[in-house]
1. Report in % the part of the accessible area of segment 1-107 that belongs to carbon and sulfur, leaving out ligands and nucleic acids; probe 1.4 Å.
2. Rounded to whole Hz and in sequence order, give me ³J(HN,Hα) for segment 271-278 from the Karplus expression 6.51 cos²θ - 1.76 cosθ + 1.60, θ = phi - 60°, writing x for Gly and Pro.
3. Taking the Cα-to-Cβ direction at residue 30 and at residue 240 and moving 7 Å from each Cα, how far apart do the two end points lie in nm?
4. For residue 361, what residues show an amide H to amide H distance below 5 Å, using hydrogens built from the backbone and excluding near sequence neighbours?
5. Give me the mean projected area, in nm² to one decimal, of the convex hull enclosing the Cα positions of segment 298-371.
6. Excluding ligands, DNA and RNA, what is the solvent-accessible area per residue of segment 71-145 at a probe of 1.4 Å, expressed in Å²?
7. Magnitude of the Cβ-charge dipole of the chain, K/R +1 and D/E -1, about the Cα centre, nearest 20 debye?
8. Using only alpha carbon positions, build the gyration tensor of segment 143-278, then give the equivalent ellipsoid semi-axes as the square roots of 5 times its eigenvalues, largest first, whole angstrom.
Amino acid sequence: MRQGMLRALGMMSGTSLDGVDAAIIETDGARIAAFGRSAYRAYSDNETAVLHAALGQWPGGPVVPDAANLSVAAHAALAEDFPEAELVGYHGQTLAHDPGGRGTHQAGDGAALARRLGRPVVWDFRSEDVRRGGEGAPLAPFFHWACAEWAMGQGLLPCAPVAFLNLGGVGNLTWVDPAAPAPESPGACIAFDTGPANAPLNDLMRARRQAARDEGGRLAAAGQPDEGIIARFLEHPHFARSLPKSLDRDAFPGLGHDVRDLSDADAAATLTHAAAAAVAAGVALLPRPPELVLVCGGGRHNAAMMAALAGRLDARVAPVEEAGLDGDMLEAQAFGWLAVRVLRGLPTSGPGTTAAPGPVCGGRISHPRGC
C-alpha cells in the first residue's frame, strides 16, 4: 500500500431499503489510490418491514431502537468479511431529514459497531453540517470530484465538467469540475437532491405487485406517463428553490396518491418519468449544463428510467461504468473515502454542496475501547 494511504471500508444503506453495500477504498482522504473488493447484503422482507416502519421517526420514536439495532447488526455481519479494513465509514440508516427544522436522523450507533468490530468507525456524518446551517445532504459530492479526477487520470474522462447522478430512493446530482485543485475549492462542486427517484416506484411495486422494484423498468416500459400529473408534481416548491438543496425520502407524499387511479403500468411509467423530469428541472438551474451525465445507484439498471432521462435531458446519459467506476458501490466507497477525510480533519461538505456557510468536517470517530 502506498505511503500515507489507508484501507477503509465504506458502508451504505440507502432510503430504498434494499440492503447494505460495502466496499474497500485505498485513499489518503484526498486522492484515490485504488478501489478494493466489495459485497452486498440484502435485507430480508422482515428487516425491510422493520426499517420501513421506522421511516419518519426521530430519536425516541417507538420503533427506532429496533431499526438502529438491526442496522448495526446487519452492517457488522457484512464488515466482518473485510478483515483488511483499517477503518470503517458507517452511514447508518436515514429515518428522517429536516435540516430547516428538527435536523437529520441516521439510526445506528457507530460506537457499538466499533466495539463489535474491534476497529475504529467514523459515523454520524451529517449532523455537524446541519448544526452549522447546511442541508446535511448530499454528502457524496466531494467524493464524486475525487472520482472524476481519478477517471481523468486514467484517460476515461475529458478534463471538463461532468455530472454524477445517483438514483437511490432519492435522486441527487453533482456537477464537478475535475480541473479544480480540491473538492472544497470554489466552483469545484455543485450538488443537490433532484427529487424522488426509486422510492415512490418501489413503494408502488410493493403495494400493488408485492415486488421490491420494477425489475429492469419492464412495467414502466409497458405504460404511458401521465404528463398532467408530472406537470403538477413539478409545481412543488422544491423545484423553485435555489441550489444546493436536499430532501427527505417522503417529501412528496402526494405523488403516490396522484397515480392511485392509473393502471399499474401507467402508474409505474408516471413515477419513472417524474423522477427524470425532476432531474431535468435541477439541471436547468446549473451554471452550465453538463455534456455527460454519469448515472450510478440502482436506478441505472432500470432501462425505462435511463430512457426517460435521455429523453428529458440535453446531455448524453451513460452508466458510471463508462468512467471505470462501480455504480452499485459508489456511495459505499464514498463513505470509506469520507471516513479517512474525517480522520485527517479535511472538509466533507461545503457551500456548493450543502449550503453550509463554509467548509465542514463532519462525522464522529469511535474507537473500539472508547479512547
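1. Values: 2000 of 4170 Å².
Here it works out to 48 percent.
2. Going residue by residue, I get 5, 5, 6, 4, 4, 5, 5, 5 Hz, with x marking Gly and Pro.
3. So the label points at residue 30 and residue 240 sit 4.4 nm apart.
4. 348
5. Details: hull surface 30.4 nm².
Averaged projected area of segment 298-371's Cα convex hull equals 7.6 nm².
6. Values: 2270 Å² over 75 residues.
That works out to 30 Å² for each residue.
7. Values: 30 positive and 40 negative charges, 156 e Å.
Dipole magnitude for the chain comes out near 740 debye.
8. Working: eigenvalues 214, 57, 27 Å².
Equivalent-ellipsoid dimensions as semi-axes: 33, 17, 12 Å.
The values are calculated or read from the model by the stated rules, or taken from the named source; none is laboratory data. Everything numeric here is computed off the predicted structure, so don't read it as measured data. Here Cβ is always computed from backbone atoms with ideal geometry, including for glycine, and neighbour counts include all displayed protein chains. Please note that ligands, DNA and RNA were not included when accessible areas were found on the heavy atoms of the full protein model with its side chains. Shrake-Rupley method; radii C 1.70, N 1.55, O 1.52, S 1.80 Å.
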